[in-house]
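A quick write-up on the structure given underneath.
Readers should treat all values here as calculations from the given coordinates under stated rules, not as data from a laboratory. From a predicted model like this one, the values you see are computed outputs, not experimental measurements. So basically every Cβ, Gly included, is an ideal-geometry build from the backbone, and we count neighbours across all protein chains shown.
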Amino acid sequence: MARFDIAEEGRPTRSFRLQTDAVIIGRVDTADLVLPETGVSRKHALVERERDTWVITDSGSANGTTVNGSAAERHELKHGDMVSIGRFVLTFHTDEADGPEYTDPHVGGGDYVTSPGVPIGEMDTIQDGPRIGTPGVVSAPVASVSSGHGAPAVEDKDGVRREVGSGLSFGKHLPVSGVLPFLGAGSLQPEGEGVVALRGSFLIPLYVNGRSVARQVLHDGDEVRVGSSVFTYRGA
């Protein structure tokens, strides 16, 4: 799977996997790949899959996009290409065999996005404080699990159902993988007679039906994804 390794001076390299056919790169927290720096435009560039290739297109940004040192409005990416946006350098890889794997936001799900460069093998499971567990997985207490179908709830890929109740936080109440728990991965909150999905940290994208959102009212059957974990919303 294609990915960008993201280098920023003074910070560890992190990785972002291209798991959707179109990825918006920008400064705003609703972008798929967020690069928080004033030199990056709100919606700086678009990366799209075209058959078996990936193409990056500058979205009319103020400071432009360069590939391998040359200004580029549109460029078909090849393995090893170095894309410069603001102070960030994104190295394009066509597979994952030649680099370390990090955990965090969409890059895997678009996101196995990676967090600030923490290798999966060095990350302990955390739940209200560090403890030893499955590397790369943020565990959650098995509270609010229900076999009934009367109240709004979410189901994970194994069919485990958790009622939203007064609210569920990703990582604290809902187990998620591929993100760092202390960054705040968002939550599901009751609103009126329904439920709204809320994004937490700008570093961790929240997807509803494959679309990156900051806030989204949920409807029965909606697919919610954080990191590489997917949940299906079941309305009352």
Stretchable slack from Asp220 to Val160, in nm (0.36 nm times residue separation minus alpha-carbon distance): 20.0 nm
What is the gain in length, in nm to one decimal, between Ala22 and Asn63 on full extension, counting 0.36 nm per residue of separation less the C-alpha to C-alpha distance? 12.6 nm
In segment 44-81, which GluC sites (Glu not before Pro) fall in coil by DSSP and have 16 or fewer other Cβ atoms within 10 Å? Glu73
What is the spin-label model distance, in nm, from Glu37 to Arg87 if the labels are put 7 Å beyond Cα along the C-beta direction? 0.6 nm
